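*Asks:* Let me give you the structure first, and then I'll get to my questions.
Just so you know, all these numbers are worked out from the coordinates, no wet-lab data involved. Because the structure is predicted, anything quoted here is derived from the model rather than measured. Positions of Cβ are backbone-derived with ideal geometry, glycine not excepted, and every protein chain shown enters the neighbour counts.
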Amino acid sequence: MKKVAIIMGSDSDLPVVEKAFAVLDEYGVPFEVHVYSAHRTPVEARDFALNARENGFGAVIAAAGKAAHLAGAIAANTTLPVIGIPVKSSTLDGLDALLSTVQMPSGIPVATVAIDGAANAALLAIQILAVSDEELAVKLKSARAKASATVLEKDKAVAQKYNKF
Ligand code: RP5
């Protein structure tokens, strides 16, 4: 199975990014984690991206806050799918990171999830790998069915309590 790379701009992003580790573990997807910054270690970030495909990765998740150029810088140097997580790590509540991550120029896409949306970033990476991995696709489908059943149980409980007539 291809690996997922998770790159973050600073170890201060870890509390957010760890939620992605949990989801990848749950699905048994191998991943590798690094702290590389588009600004503080641009050479290492670039080298990682340039070699990511031949190093066995199928998708890259890049998390950063503030002027969050990491996902874009990674995407500029690989044709692997890159998923950006804007991290809420400043006085602007993550809006700065969201805009810096999502507003990519045509030709260099970054699939950007919600501010601090690490779990969805992991799920999207898994969905990308599942295009050519039937076992993963089955796991995803069964998780969706379980999630639906949970919501419908809640609907039943709420409806029973409040729908008197
Ligand atoms: C970004 O700046 C990092 O991704 C982090 O979210 C933010 C703050 O980094 P530290 O100053 O805490 O290292 O590059």
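*Asks:* Multiply the residue gap between GLU44 and ASP11 by 0.36 nm, knock off their C-alpha separation, and tell me the result in nm, one decimal place. Could you put the intermediate results ahead of the total?
*Replies:* Details: separation 33, 0.36 × 33 = 11.88 nm, distance 1.54 nm.
Contour length minus Cα-Cα distance gives 10.3 nm.
*Asks:* Further, regarding this structure: Mind putting a number on the dipole of the chain about its Cα centre? Charges go on the C-beta only, +1 for Lys and Arg and -1 for Asp and Glu, and I need it in Debye to the nearest 20. Before the final figure, lay out each step's value.
*Replies:* Details: 16 positive and 17 negative charges, 132 e Å.
So the dipole magnitude of the chain works out to roughly 640 debye.
*Asks:* Under a 5 Å amide H to amide H cut-off, with H placed in plane at 1.01 Å, what residues pair with PHE57 once short-range neighbours are removed?
*Replies:* Result for PHE57 returns LYS3.
*Asks:* Would you mind checking LYS19/LYS146; LYS141/LYS164; LYS3/LYS88; LYS88/LYS139; LYS141/LYS161 for any pair whose Cα atoms are more than 24 angstrom apart?
*Replies:* Numbers: LYS19/LYS146 20 Å; LYS141/LYS164 35 Å; LYS3/LYS88 26 Å; LYS88/LYS139 30 Å; LYS141/LYS161 31 Å.
In this structure, LYS141/LYS164; LYS3/LYS88; LYS88/LYS139; LYS141/LYS161 exceed 24 Å between Cα atoms.
*Asks:* Also, quick follow-up: On alpha-carbon atoms, Rg over Rh for the range 104-165 using Kirkwood Rh? Can you show the working numbers first?
*Replies:* On the way: Rg = 17.6 Å, Rh = 14.7 Å.
Using only Cα positions, Rg/Rh for the range 104-165 is 1.20.
*Asks:* Continuing with this model, one more query. Indicate the helices, whole DSSP H runs only, in the chain that combine a mean Kyte-Doolittle hydropathy of 0.5 or more with a Cα extent along their long axis of 20 angstrom or more.
*Replies:* Numbers: long enough: 134-162 (42 Å, -0.43).
Helices meeting the span and hydropathy rule in the chain: none at all.
*Asks:* Separate question: Name the residue from PHE165, ILE7, ALA52 whose Cα lies farthest towards the positive end of the charge dipole of the chain, charges +1 on Cβ of Lys and Arg and -1 on Cβ of Asp and Glu.
*Replies:* The one lying farthest along the dipole's positive direction is PHE165.
*Asks:* List residues of the range 1-34, by number, whose backbone nitrogen lies under 16 Å from a label position 7 Å along Cα→C-beta of ASN55.
*Replies:* Hits in the range 1-34 for ASN55 at 16 Å: 2-10, 30-34.
*Asks:* Under the rule a/c < 1.5 gives rounded, and otherwise a/b versus b/c splits prolate from oblate, where does the range 6-52 land using the Cα gyration tensor?
*Replies:* Numbers: a/c = 4.61, a/b = 1.53, b/c = 3.01.
Judged from the Cα gyration tensor, the range 6-52 comes out oblate (a/c at least 1.5, b/c at or above a/b).
*Asks:* Here is a follow-up. Output the relative contact order of the chain, whole-number percent, from Cα pairs under 8 angstrom with separation of 6+ residues.
*Replies:* Numbers: 293 pairs, mean separation 35.9, N = 165.
After rounding, I find 22 percent.
*Asks:* Over the range 45-89, what portion of Cα pair distances is larger than 12 Å, expressed as a whole percent?
*Replies:* 54
*Asks:* Let me ask something else about it. Below 18 Å, Cα to Cα, which aspartates and glutamates can LYS2 reach? Residues fewer than 8 away in the same chain don't count.
*Replies:* ASP25, GLU26, GLU32, GLU54, ASP133, GLU134, GLU135
*Asks:* Under a no-solvent Debye model with one identical scatterer per Cα of the chain, what's log10 I(q)/I(0) at q = 0.11, 0.15, 0.18 Å⁻¹?
*Replies:* With one equal scatterer per Cα and no solvent, log10 I(q)/I(0) is -0.47, -0.78, -1.03.
*Asks:* Can I ask one more? Report the full-extension gain for the segment ALA22 to THR150: residue separation times 0.36 nm, less the Cα-Cα distance, to one decimal in nm.
*Replies:* Working: separation 128, 0.36 × 128 = 46.08 nm, distance 2.02 nm.
Residue separation times 0.36 nm, minus the Cα-Cα distance, leaves 44.1 nm.
*Asks:* For the chain, what is the mean residue ellipticity at 222 nm derived from helices alone (per DSSP H run of n ≥ 4: -39500 (n - 2.57); sum divided by total residues; nearest 500 deg cm²/dmol)? The partial results should precede the final answer.
*Replies:* Numbers: 6 runs with 79 residues, N = 165.
Using -39500 (n - 2.57) per qualifying helix, the result is -15000 deg cm²/dmol.
*Asks:* Report the extension gain between ILE108 and THR91 in nm, rounded to one decimal, defined as 0.36 nm multiplied by the number of residues separating them, less their alpha carbon distance. Intermediate results must be reported in sequence, preceding the final value.
*Replies:* On the way: separation 17, 0.36 × 17 = 6.12 nm, distance 2.83 nm.
Stretched fully, the ILE108-THR91 segment lengthens by 3.3 nm.
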